[in-house]
Amino acid sequence: MRLDKYITQVTDFSRKEVKRLLHADEVTVNGVPERDPGRKVDENDDISLQGMPLEAPRTRYLMLNKPEGVVCSTDDPTHPTVLTLLELPRVERLNICGRLDIDTTGLVLLTDDGQWAHRVASPNHKTGKVYLVTTADPIPEDAVRKFADGLMLNGEKQRTKPAELEILSEHEARVCLHEGRYHQVKRMFAAIGNHVEALHREQIGDILLDEMLEPGEYRELTDEEIASI
């Protein structure tokens, strides 16, 4: 990897700023000042910036408990984004895996591993997503069959894929989806004449939202959770 690219991946400096640091002899490779931004380096090289050793960039995998009122976007002019909740360097490089609406709460996964993010989001991998739903009206028993058979949503040409609906109480249910259409859970309940009052994502694949995380808090995924996707 080029030296300048390596430093930009490990730090918050831009390529232009890195070149300025190189020319100021602020960068050493294996103890020797280096000015060439195109110098090839690898994990065996000892690279220091302003006398401090730089660690090789580590791929990050995170779970976040998204609160209401926060958007799953890298930038928004009017609302806070999930990235603003992360006290980490280089948050702009993280992929948001499986976005939630502004009023939907719960599990969001973030990573700078593009292939892993694709597996989370791709319908080909059939990664189930589980939601806790609160409705305005009572949920009829035949809704279980209708969700399993697939529903025609307003403006769609194909039925939804079979979804598992577990009725927990008169106004509360758990839904597992295997696809990710726009506002799908809300539109599926609208298709059976009901309205979703609250929506909370509990699970993606085998990854459960950590019950110890308060809204807005996050943690790194375990090796087992990462491997489950």
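The values are calculated or read from the model by the stated rules, or taken from the named source; none is laboratory data. Nothing here was measured: the structure is a model prediction, and the numbers come from that model. Counting neighbours? That spans all protein chains shown, and the Cβs are built from the backbone with ideal geometry, glycine included. For accessibility, only protein heavy atoms count, side chains too; no ligands or nucleic acids. Shrake-Rupley method; radii C 1.70, N 1.55, O 1.52, S 1.80 Å.
Potential lengthening of the chain between Glu217 and Asp46 amounts to 58.1 nm, from the contour at 0.36 nm per residue minus the alpha-carbon distance.
Against the set [x] 1.12; [y] 1.06; [z] 0.96, the structure's computed Rg/Rh (Cα atoms, Kirkwood Rh) falls on [x]. For His178, put the label point 7 Å out on the Cα→Cβ axis and report which residues of segment 148-171 keep their amide N under 19 Å from it. Backbone N within reach: 148-153, 158-167. Note that the chain presents 56 Å² accessible area per residue, ligands and nucleic acids not counted, probe 1.4 Å. Summing charges over all other residues whose Cβ lies under 13 Å from the Cβ of Tyr182, with Lys and Arg as +1 and Asp and Glu as -1, gives +1. Taking the alpha-carbon centroid of each part, what is the distance from segment 159-229 to segment 96-147 in angstrom? Result: 4 Å between the Cα centres. Here is how the number arises for the chain: DSSP H runs of 4 or more residues each give -39500 (n - 2.57), the sum is divided by the residue count, and the result at 222 nm is -5000 deg cm²/dmol. Per-atom-type breakdown for segment 80-224 gives carbon and sulfur 49% of the accessible area (1.4 Å probe, protein chains only). Amide hydrogen proximity for Glu197: with H placed 1.01 Å from N in the peptide plane, the residues at 5 or more positions away or on another chain lying under 5 Å are Thr134, Thr135, Ala136.
When only the Cβ of Lys, Arg, Asp and Glu is charged (+1, +1, -1, -1), the dipole of the chain relative to its Cα centre reaches about 1120 debye.
For the pair Asp137 and Arg159, the difference between a 0.36 nm per residue extended length and the Cα-Cα distance amounts to 5.6 nm. What does the net charge come to around Val32 if you take all other residues with beta carbon closer than 15 Å to its beta carbon, with K and R at +1 and D and E at -1? Summing Lys and Arg as +1 and Asp and Glu as -1 gives -3. As a calculated quantity, the FRET efficiency between Glu68 and Asp206 at R0 = 35 Å, using C-beta atoms, amounts to about 0.85.
Counted by Cβ distance under 13 Å from Ala227, the other residues give a net charge of -4, where Lys and Arg count +1 and Asp and Glu count -1. For segment 73-82, putting each phi into the Karplus relation 6.51 cos²θ - 1.76 cosθ + 1.60 with θ = phi - 60° gives couplings of 8, 7, 7, 8, x, 10, 10, x, 10, 4 Hz, in residue order, rounded to whole numbers and with x for Gly and Pro.
Converting phi to 3J(HN,Hα) with the Karplus coefficients 6.51, -1.76 and 1.60 and the offset θ = phi - 60°, segment 43-50 yields 5, 7, 7, 9, 10, 10, 10, 6 Hz in sequence order, with x at every glycine or proline.
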